[in-house]
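In what follows, a structure is listed as structure tokens, so that the remarks can point back to it.
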Amino acid sequence: MEGTDHAGRGFSRRAFLETGTLAAAAVPLAAEARPGARAMDEAVAATTGVPVMLRINGGEHRLTLDPRTTLLDTLREHLGLTGAKKGCDQGQCGACTVHVDGRRALACLTLAVAAQGKSVTTIEGLAQGGTLHPVQQAFIDCDAFQCGYCTPGQIMSAVALISEGHAGNAADVCEGMSGNLCRCAAYPNIVAAVEQAARELTAVPKAA
């Protein structure tokens, strides 16, 4: 395929691509040629971070983060806590639900810096000493998951819902869990699991 440049000279498609490729390659080379370019870029990157101390699952973590970093990205990318899932990343699916000071929070909409000084609990922090939390066990007993992607967020919401005292019946559970979507449509089993766990957690202890 032939064309014409601004000066009226003919040029080929191959020549155009070769010229463009060389020009693109020259940009990083030019940057490397600048004295101290890499050191300057690293210094700029370092100054954009802020020190953050997060209390997660009973442990303290000190990090330097971009102030725009979400709690979800901090958990997954910086701390290796991948239980909270990135679903819609817009606060609409509930897959990233965690607890902040005992209350449900969408980690994808929460900035890490905003969680400083607060107690954060993720799905990794629910089991105690190798024993599953009653809600975790109920999800297994009731087969309340299929692909499992939304399950951590479902469980974290359910734990908070029961703690809030809003899991008295199936209608309450459906309403309280409406912010957690399950694309596999395992909703009947999820409701059954929450009801089972609620009965166990709110049962009156028998007298000795």
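Scanning for something part of a strand (DSSP E or B) and touching a Pro at 6+ places or on another chain (Cβ under 7 Å), does region 66-83 turn up at least one residue? Give the derivation first.
Our first condition is that a residue be part of a strand (DSSP E or B); within region 66-83, this holds for 70.
Next, only the ones that are touching a Pro at 6+ places or on another chain (Cβ under 7 Å) stay: none.
No.
Based on what the data block shows, is residue 161 of a type outside the set (Gly, Ala, Ser), modelled with pLDDT of 95 or more and within 29 Å of residue 68 (Cβ to Cβ)? Quick ask: steps written out before the conclusion?
Values: of a type outside the set (Gly, Ala, Ser): yes; modelled with pLDDT of 95 or more: yes; within 29 Å of residue 68 (Cβ to Cβ): no.
So residue 161 does not fit the description; no.
Just give me the residues in region 140-171 being under 22 Å from residue 105 (Cβ atoms), out of contact with any helix residue (DSSP H, G or I) (no Cβ under 6 Å at 6 or more places or on another chain), surrounded by fewer than 19 Cβ atoms within 10 Å (Cβ to Cβ) and not acidic (Asp, Glu), in sequence order.
148, 149, 163, 165
How do the pairs read when you match residues in region 111-130 that are farther than 14 Å from residue 82 by Cα and in contact (Cβ under 8 Å) with a residue 40 or more places away in the chain with residues anywhere that are surrounded by fewer than 17 Cβ atoms within 10 Å (Cβ to Cβ) and acidic (Asp, Glu), using Cβ under 7 Å and keeping only pairs 6 or more apart or on different chains?
So the pair list comes out as 118/101; 119/101.
If I ask for residues that are surrounded by 14 or more Cβ atoms within 10 Å (Cβ to Cβ) and in a strand (DSSP E or B), which ones from region 86-139 would you list?
The answer is 97, 98, 99, 100, 104, 105, 106, 111, 119, 120, 121.
The values are calculated or read from the model by the stated rules, or taken from the named source; none is laboratory data. Please read these numbers as outputs of a predicted model, since none were measured by experiment. Ideal geometry is used to build each Cβ from the backbone, glycine not excepted, and the neighbour counts take in all protein chains shown.
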